[in-house]
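Peer 1: Starting off with a structure, shown below.
Please treat every number below as a calculation from the coordinates, not as lab data. Here the structure is a predicted model, which is why all the values come from computation and not from measurement. Positions of Cβ are generated from backbone atoms using ideal geometry, with glycine treated the same way; all protein chains shown enter the neighbour counts.
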Amino acid sequence: MISGSYTALITPFSNGELDEQALRDLVEFQVQQGTVGLIPVGTTGEACTLSYEEHKRVVEIVVEQCRKRAQVIAGAGSNNPVEALEFAKYAQDVGADAVLCVAGYYNRPNQQGLYEHFKAIHDNTDIDMFIYNIPPRAIVDVQPNTMQRLSMLPRVVGVKDATGDLNRINEERILIGEGFSFLSGEDMTALGYNAMGGNGCISVTANVAPNLCAQMQRYCLQGDYERAFEIHQRLLPLHKALFLEPSPAGVKYAASLLGICQAQVRLPIIEVSLDTQQAIQSALQQLKLID
């Protein structure tokens, strides 16, 4: 069972190019702070604006730098199954532990089309696979009955649930047996998701507050929701500040304040405004992550 605190990694840039040293330093920071898994080239990693070569290089670096000290679930999502399969095969070849595959955005397939999309990737690789269900971005929603069908494929091992619907896990757990991992894809509701039976979170905030996020997840797994709630409350201002403007601009600015990387993002995302900068700085100061 895959569980605990996972980080949806940002992709550091310098002068518009991939900053490989900053990425390596970010991986080290995450491992040392207690993160159990890393997700490169997902939504937060700006995968949609990376070239094929950059996408593959990011996965390669994260796997190489991680050295099996944490799991690597590589983003391999695309609305084009041929492209998704290429990314999944590459992740498998370089030693990632699993891949994260998003639903067919823009194409807007029906439920059978979604199933066949994911099944095609599954059937042509030998790597474990997470379904990334994020209707606010993908438009389409992997419904519980479809998730159940997918869970029956041997190497579909879990879901990243970014539906924003806390009742969704209730519906899916009734349909899906043991051995399937339910990971939240939303920091603000991760505690509630765990209370409903979730196993962990793939977090944006964990890029800059990995130790606190890891502590909260550990308390949840121990059933100590009182302590988990205390950390959740402390993190709320940061969660909110990081998403005042389109992500990952907020978390990249926060990372720049911690000296992790520059705040650079790629168009059409732009760097955050002065008001948002101040909100992020204040939230980090409240947590004593910066002076």
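Peer 1: If each residue of separation counts as 0.36 nm, what is the full-extension length gain between residue 108 and residue 123 once their alpha-carbon separation is subtracted?
Peer 2: Result: 3.2 nm gained on full extension.
Peer 1: Let me ask you something else. Provide 238, 284, 166, 183 in ascending order of the number of other Cβ atoms located within 10 Å of each residue's Cβ, fewest first.
Peer 2: Working: 238 25, 284 22, 166 16, 183 29.
Taking fewest neighbouring Cβ atoms as first place, the list is 166, 284, 238, 183.
Peer 1: A follow-up question, please. How many percent of DSSP beta bridges within the chain run antiparallel, rounded to 5?
Peer 2: Among the beta bridges of the chain, antiparallel pairing accounts for roughly 5 percent.
Peer 1: Okay, next question. Setting aside same-chain residues fewer than 8 positions from residue 68, which lysines have a Cα under 29 Å from its Cα?
Peer 2: 56, 89, 119, 160, 252
Peer 1: Roughly speaking, what is the centre-to-centre gap between region 94-119 and region 57-85 when only Cα atoms are used, to the nearest Å?
Peer 2: Measuring centre to centre over Cα atoms gives 15 Å.
Peer 1: Please work out the Cα center distance from region 221-258 to region 141-181, rounded to the nearest Å.
Peer 2: Region 221-258 and region 141-181 have Cα centres spaced 25 Å from each other.
Peer 1: If you don't mind, there's one more thing I want to ask. Over the chain, with a single point scatterer placed on each C-alpha, what log10 of the ratio I(q)/I(0) does the Debye formula yield at q = 0.06 1/Å?
Peer 2: Relative scattering, expressed as log10 I(q)/I(0), comes to -0.17.
Peer 1: A further question follows. Using only the alpha carbons, work out the radius of gyration and Dmax of region 8-125 in angstrom.
Peer 2: 14.3, 43
Peer 1: Separate question: On average, how much area does the Cα convex hull of region 72-151 cover when viewed from any direction, in nm²?
Peer 2: Result: a mean projected hull area of 4.6 nm².
Peer 1: Next question, about the same structure. Stretched out fully, how many nm does the piece from residue 175 to residue 68 gain, at 0.36 nm a residue minus the Cα gap?
Peer 2: Stretched out fully, the residue 175 to residue 68 stretch lengthens by 35.3 nm.
Peer 1: If you don't mind, there's one more thing I want to ask. Remind me, relative contact order of region 4-222 in percent, using alpha carbon pairs under 8 angstrom and six or more residues apart?
Peer 2: 21
Peer 1: How charged is the neighbourhood of residue 250? Take every other residue with its Cβ under 14 Å from the Cβ of residue 250, and add Lys/Arg as +1 and Asp/Glu as -1. Spell out each step's value before the answer.
Peer 2: Numbers: positive: 240, 252; negative: 46, 187, 245, 271, 275.
Result for the local shell: -3.
Peer 1: Once both labels are modelled 7 Å past Cα along the beta-carbon direction, what's the residue 289-residue 273 spacing in nm?
Peer 2: Between residue 289 and residue 273, the simple spin-label model gives 2.2 nm.
Peer 1: Could you put 141, 97 in order, starting from the residue whose Cβ has the fewest other Cβ atoms within 10 Å?
Peer 2: Listed from fewest to most nearby Cβ atoms, that is 141, 97.
Peer 1: Taking every eigenvalue of the Cα gyration tensor of region 136-291, multiplying by 5 and rooting it, what semi-axes result, largest first, whole Å?
Peer 2: Rounded to whole Å, the semi-axes are 30, 19, 12.
Peer 1: Next question. Multiply the residue gap between residue 137 and residue 153 by 0.36 nm, knock off their C-alpha separation, and tell me the result in nm, one decimal place.
Peer 2: That pair, residue 137 and residue 153, stretches by 3.3 nm at full extension.
Peer 1: Moving to a separate point now. Provide the FRET efficiency to the nearest 0.05 for the residue 240-residue 48 pair, computing r from the beta carbons and using R0 = 35 Å. Write down the numbers at each step before the final one.
Peer 2: Working: r = 24 Å, r/R0 = 0.70.
Step by step, r from the Cβ atoms, then E = 0.90.
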